[in-house]
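One structure is given here, and the rest of the page talks about it.
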Amino acid sequence: QVHLVESGGGLVQFGGSLRLSCVGSGVAFRNYVMGWYRQAPGKQRELVATITSNSRTRYADSVKGRFTISRDNAENTVYLQMNSLKPEDTAVYYCNVLIDLLNFWGQGTQVTVTS
């Protein structure tokens, strides 16, 4: 059974940094695209960043140059380094893996940025 657990969220001031982690189990994640999504109150869930099995990355325009996604396949872990945080980055951040057309999600971790 695929299982994802996020950690690293919290409360941070404008301009601060956080590093999110997502540890997976139940499958060899090295073979799959993994991603981070976020959902702010009253808004739809949106893509933040993805990383392929060979570490090619893609970012939402709103986070380019500030966020970095990376992965450690040996540890079945994907990271999201978030710098220069803004209040509009406030959301619940979810880890995702797509396996055989099925989306798997973690429980989410709250990130709150104060001005």
Query - Residue among Gly16, Gly26, Gly35 with the largest mean-square fluctuation in a Gaussian network model of the chain, springs linking Cα atoms under 10 Å - result: Gly26
Report summary line: Between Asp61 and Gln81, the two model label points (7 Å from Cα along the beta-carbon direction) sit apart by a distance in nm of 2.6
Query raised in the report: Per residue, what accessible area does the range 43-115 have, given a 1.4 Å probe and all protein chains present, in Å²?
Result: 54
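Check each of the trypsin sites (Lys or Arg not before Pro) in the range 5-110 and keep only those in coil by DSSP with at most 12 other C-beta atoms within 10 angstrom; list them in order. Each step should come with its number before you reach the end.
Working: sites: Arg19, Arg30, Arg38, Lys43, Arg45, Arg56, Arg58, Lys64, Arg66, Arg71; in loops: Lys43, Arg45, Arg56, Lys64, Arg66.
Loop-located and lightly packed - Lys43, Arg56, Lys64.
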Report summary line: Length-normalised contact order of the chain, Cα under 8 Å, at least 6 apart, in percent, tallies to 36
Report task. Identify, among Gly65, Gly24, Pro41, the residue whose Cα sits farthest towards the positive end of the charge dipole of the range 1-75, taking +1 on the Cβ of Lys and Arg and -1 on the Cβ of Asp and Glu, with the dipole about the Cα centre. Result -> Gly65
**Report entry** Förster-model FRET efficiency, 25 Å R0, Ser53 and Val5, C-beta, rounded to 0.05
**Finding:** 0.75
**Report entry** the range 68-115-the range 3-62 distance, computed between alpha-carbon centres (Å)
**Finding:** 2
**Report entry** Accessible area of the range 10-115 belonging to carbon and sulfur atoms, whole % at 1.4 Å probe
**Finding:** 48
Query - the chain shape via C-alpha gyration tensor axes, a/c threshold 1.5 - result: prolate
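The values are calculated or read from the model by the stated rules, or taken from the named source; none is laboratory data. Note that the structure is a prediction, hence the values are computed from the model and not measured. When we count neighbours, we look across all protein chains shown, and the Cβ atoms used for this are built from the backbone with ideal geometry, even at glycine. Please note that ligands, DNA and RNA were not included when accessible areas were found on the heavy atoms of the full protein model with its side chains. Shrake-Rupley method; radii C 1.70, N 1.55, O 1.52, S 1.80 Å.
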